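Inspection log for the structure reproduced underneath, given as structure tokens.
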Amino acid sequence: MSIAALKAQADQQFRYKRLVNFGMPAVILAYLVYIFFAFDIPGLAERARMDNARTLVADSYSYKTHVTRDNRSGDVSIAIEGERKGRYAPGTSPAWVALGAETVIDLRDGHQVIFTNTGMRYDVPGYGLITAEPGTRGVQTNITGDVPDWINLSKNRLAITTAAGRVSVTRNRTEVFRYFAGWELFFFTLDSPYFGHGVTDILFGAQIDPVRSNITGAWQDFWGNGMWRHADVAWAIFETILMAFLGTMGAALVALPLAFIAARNFTPMRTARFGIRRVFDFLRGVDGLIWTIVLSRAFGPGPMTGALAILVTDTGSFGKMFSEALENVDDKQIEGVQSTGARPMQRYRFGVIPQITPVLLSQILYYLESNTRSATIIGAITGGGIGLLLTQAIITQKDWEEVSYYIVLIILMVMVMDWLSGWLRRRLIQGDESGH
Amino acid sequence: MAELTASAGSGVPHIREHYMDLIRRKRMYGGLTLAIFTLLMVSGFVLADSRNAGGFWDGILNVFDFPHQVLSEAWEKIDLLPAHLVHFFPALIETINIAAVSTLIGAMLGLVLSLLSTRGLARFPRLIPLFRRSMDIMRAIPEIVIALVLIFVLGGGPVPAMIAIALHTTGALGKLFSEVNENASLKPVEGLQSVGATWFQRMWLGVIPQVAPNYLSYALLRFEINIRASAILGFVGAGGIGYELKNAMSWGQGKFDEAAAIFILLFGAIVLFDQLSSYYRHRLTSGGAA
């Protein structure tokens with residue numbers, strides 16, 4: 001080849017390379033621009049509900065206690081998160097609320113709200129005294145002139161938001177919200193005698209409930225906590241793991257014999273091989289979503305449906321992988337076993353299975369971990385396990401602390417399964433597959 | 001060996017006994033594992049069966065009822081099928097777009113994170129555990145969790161699904177990429193360092209060209225997985241073909257022809273991309289290396 005031709009070739013290669021180097025980023029950029037408009041990202045700012053985001057974040061680390069005065073009857077009730085299950089018994093109150101003829105509510109940093117017989121007084125440090133009196137003609141206040149932006153005033157409603165809490169006055173009721181950090185009543189609800197007692201109190205202190213011993217009583221009240229439903233949540237987590245386990249192992253059990261039929265070196269018959277392979281392709285192609293829908297029609301909601309959906313989908317994946325593994329086995333070992341006069345079943349058992357066990361096990365365990373995640377999603381669709389609890393909590397749009405609790409539990413569950421499957425893999429496939 | 005054992009006194013019988021003992025113990029462990037496994041499977045099955053709304057044995061007889069309903073209704077209205085296919089095609093495109101964009105974003109972020117968390121290549125070696133843990137967490141969060149929360153904040157549509165899948169993809173690909181990085185030769189990197197290249201230049205010119213085929217192969221596999229994920233997320237409200245499927249399904253009888261059309265589209269898309277990606281992956285791993 002002449003030098004000129006070589007040079008031309010090199011030039012051409014450079015041009016090609018330059019085209020690829022500038023062309024690829026340009027194509028990706030163009031695609032992203034297309035997506036930017038196709039997904040209407042400019043309009044996202046309008047649709048986004050930042051107030052939702054704020055409640056979500058605030059709720060996940062704090063809770064509020066409502067102090068409510070019914071302006072018709074004059075009754076004052078105190079309830080955590082305004083829920084019936086978190087209501088203080090009549091006549092009792094937390095330390096920062098003093099019940100009496102006038103209810104005195106101590107918010108933080110010198111903020112104090114007083115429910116009087118006719119309305120309420122709020123002494124805001126650095127601003128002054130605000131009074132409000134609900135009546136038949138709406139809410140009368142002493143606020144005149146410029147209304148600061150933390151006060152929202154209309155004819156029928158007064159809302160004050162300060163760093164210490166929130167006050168809202170309407171004709172029907174006057175409400176004060178005080179915020180606290182943490183998850184409310186996580187261990188015991190208010191009706192439990194153990195509420196407010198610490199761990200040392202319960203373990204080493206005097207008997208709190210005359211009927212039950214401290215540890216059993218505390219455990220019963222914690223486990224049966226009506227607000228957080230620890231027992232139900234634990235059961236849901238278990239159900240999710242059960243779905244993943246049954247689905248994965250069932251799929252492996254179904255796929256293994258089928259994989260022998262689909263492997264070239266074990267089944268000389270082409271049509272059988274072809275048929276089984278198409279079955280695998282079909283099972284995989286239909287996808288977990290469709291299987292979930294089809295199966296939930298027949299089996300109804302619950303963990304069995306989820307397990308079967310995983311089983312059916314993964315039979316396809318396992319079948320494909322197992323048959324590939326079977327095609328790669330070493331014939332020498334099988335021949336060796338055969339030369340000792342072994343029957344076909346013995347040949348499979350001692351010549352084939354030991355060779356493919358490490359591959360099979362590592363794939364099954366990997367799928368077990370990944371199916372824990374799938375089981376969460378399938379549970380949300382069919383109704384079972386922690387996925388169902390999560391969707392329910394999100395749909396009610398109220399208990400965001402429960403949503404964060406479930407999210408934390410789901411992440412922990414997946415990480416534990418990840419760790420467990422890695423540990424089992426290392427234990428069962430001793431060393432010979434290190435690094436996988 | 002023979003002399004050694006012979007001189008030990010007890011001789012062959014002793015060895016055989018020892019060997020049989022080992023075998024017995026091995027068999028016992030094997031049998032025990034099998035028994036525990038069987039027990040777990042059976043009790044799990046019974047438990048799941050009792051917790052399910054419909055029992056297993058009732059359900060197994062009715063498995064084909066629903067497909068039969070869908071197929072017969074679709075067959076009655078076969079003339080409408082092409083129109084349905086055309087009607088739902090844009091939704092399919094949206095689902096595929098969600099998968100593609102989230103794979104793209106996830107691969108790019110995963111690339112950066114994997115380089116930052118590979119020993120020998122990391123820009124900040126002390127922060128390696130931090131980047132690794134963050135990838136672990138991203139991988140552990142199921143997409144549906146992020147998607148549901150984001151749907152609440154951002155409203156329905158493709159963006160929550162895109163972000164959710166992209167985050168998960170970042171974690172998953174980041175881990176695979178960093179495993180690839182560990183096998184990359186450091187010689188080009190050292191060569192570049194000796195001429196004063198910055199970290200970015202070392203990675204871009206020294207590492208990426210070595211690992212690109214493997215990266216692409218993993219990203220294609222992930223794309224295939226993400227199409228399935230984005231269809232599922234549509235079902236919980238994130239747009240695309242899954243959302244249309246949910247609508248058709250919740251309508252129930254009378255719209256099963258639409259459901260059938262969506263099944264066909266989804267099945268076709270999954271099989272198509274499955275074949276495409278396995279073809280290209282095969283080319284990248286066998287042909288690309290040569």
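Points to keep in mind about this one:
- With respect to the conditions (1) modelled with pLDDT of 85 or more; (2) more than 12 Å from chain A (Cβ to nearest Cβ); (3) open to solvent by 40 Å² or more (accessible area, probe 1.4 Å); (4) under 16 Å from residue A:294 (Cα atoms), residue B:276 falls short on a single one, namely (4).
Matching residues to (1) small (Gly, Ala, Ser); (2) without any contact (Cβ under 8 Å) to a residue 12 or more places away in the chain; (3) more than 10 Å from every other protein chain (Cβ to nearest Cβ); (4) open to solvent by 70 Å² or more (accessible area, probe 1.4 Å):
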{"site": "B:40", "(1), (2), (3), (4)": "no, yes, no, yes"}
{"site": "B:47", "(1), (2), (3), (4)": "no, yes, no, no"}
{"site": "B:61", "(1), (2), (3), (4)": "no, yes, no, yes"}
{"site": "B:73", "(1), (2), (3), (4)": "no, no, yes, no"}
{"site": "B:79", "(1), (2), (3), (4)": "no, yes, yes, yes"}
{"site": "B:83", "(1), (2), (3), (4)": "yes, yes, yes, no"}
{"site": "B:91", "(1), (2), (3), (4)": "yes, no, yes, no"}
{"site": "B:99", "(1), (2), (3), (4)": "yes, no, yes, no"}
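- Answer residue from the stretch A:398-409, given it is open to solvent by 20 Å² or more (accessible area, probe 1.4 Å) and part of a helix (DSSP H, G or I) and is nearest to the other protein chains (Cβ to nearest Cβ) among those: A:407
- Residues (in contact (Cβ under 8 Å) with a residue 24 or more places away in the chain, in a helix (DSSP H, G or I) and surrounded by fewer than 24 Cβ atoms within 10 Å (Cβ to Cβ)) located in the stretch A:298-314: A:312
- If the condition is being open to solvent by less than 10 Å² (accessible area, probe 1.4 Å) and polar (S, T, N, Q), then the stretch A:282-297 contributes only A:292.
- Scanning the stretch B:209-235 for residues that are over 18 Å from the mean Cα position of the chain (by Cα) and open to solvent by less than 30 Å² (accessible area, probe 1.4 Å) yields a count of 2.
Listed here are the residues, each with its yes/no results for (1) over 26 Å from residue A:60 (Cβ atoms); (2) outside any loop (DSSP other than H, G, I, E, B); (3) open to solvent by less than 40 Å² (accessible area, probe 1.4 Å).
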| site | (1), (2), (3) |
| --- | --- |
| A:144 | yes, no, no |
| A:147 | yes, no, no |
| A:178 | no, yes, yes |
| A:196 | no, no, no |
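- Filtering the stretch B:163-196 to residues that are under 28 Å from residue B:231 (Cα atoms) and open to solvent by 20 Å² or more (accessible area, probe 1.4 Å) leaves B:163, B:167, B:175, B:176.
- Count of residues meeting criterion [among the polar types (S, T, N, Q) and within 19 Å of residue A:293 (Cβ to Cβ)] in the stretch B:36-92: 4
- Filtering the stretch A:350-366 for residues that are closer than 30 Å to residue B:243 by Cα and modelled with pLDDT of 85 or more leaves a non-empty set.
- Restricting the stretch B:228-245 to residues that are more than 9 Å from chain A (Cβ to nearest Cβ) and part of a helix (DSSP H, G or I), the residue that is farthest from residue B:278 (Cα to Cα) is B:237.
- Count - residues of the stretch A:246-281 that are open to solvent by 70 Å² or more (accessible area, probe 1.4 Å) and free of Cβ contacts under 8 Å to residues at least 24 places away in the same chain: 8
- The stretch B:118-138 - residue that is open to solvent by less than 30 Å² (accessible area, probe 1.4 Å) and in a helix (DSSP H, G or I) and, of those, nearest to the other protein chains (Cβ to nearest Cβ): B:135
- Filter pass, residue B:107 being assigned by TED's automatic domain parsing to the domain that holds residue B:162, among the aliphatic types (A, V, I, L, M), in contact (Cβ under 8 Å) with a residue 60 or more places away in the chain and surrounded by 16 or more Cβ atoms within 10 Å (Cβ to Cβ): yes
- Selected residue (only one of A:314, A:330, A:221, A:287 is more than 14 Å from chain B (Cβ to nearest Cβ), of a type in the set (Asp, Glu) and in contact with a Ser or Thr (Cβ under 9 Å, 6 or more places away or on another chain)): A:221
- Candidates A:420, A:424, A:412, A:368, filtered to the one that is within 14 Å of chain B (Cβ to nearest Cβ), open to solvent by less than 20 Å² (accessible area, probe 1.4 Å) and hydrophobic (A, V, I, L, M, F, W, C): A:368
- Check on residue A:395, part of a helix (DSSP H, G or I), more than 15 Å from residue A:233 (Cα to Cα) and at pLDDT below 85: yes
Residue-wise test of (1) open to solvent by 30 Å² or more (accessible area, probe 1.4 Å); (2) within 11 Å of another protein chain (Cβ to nearest Cβ); (3) polar (S, T, N, Q); (4) farther than 19 Å from residue A:399 by Cβ.
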residue	(1), (2), (3), (4)
A:31	yes, yes, no, yes
A:35	no, yes, no, yes
A:48	no, yes, no, yes
A:51	yes, yes, no, no
A:58	yes, no, no, no
A:64	yes, no, no, no
A:70	yes, no, no, yes
A:75	yes, no, no, yes
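- Residue in the stretch A:235-245 that is nearest to the other protein chains (Cβ to nearest Cβ), counting only those that are aliphatic (A, V, I, L, M) and open to solvent by less than 40 Å² (accessible area, probe 1.4 Å): A:242
- Any pair with Cβ under 7 angstrom, 6 or more apart, that starts in the stretch A:47-72 at a residue that is among the hydroxyl-bearing types (Ser, Thr, Tyr) and ends at one that is open to solvent by less than 40 Å² (accessible area, probe 1.4 Å) and part of a helix (DSSP H, G or I): A:55/A:400; A:60/A:400; A:60/A:401; A:60/A:404; A:63/A:401
The values are calculated or read from the model by the stated rules, or taken from the named source; none is laboratory data. Everything quoted here is computed from the prediction, not taken from an experiment. Ideal geometry is used to build each Cβ from the backbone, glycine not excepted, and the neighbour counts take in all protein chains shown. These accessible areas exclude ligands, DNA and RNA; they are computed on the full protein's heavy atoms, side chains included. Shrake-Rupley method; radii C 1.70, N 1.55, O 1.52, S 1.80 Å.
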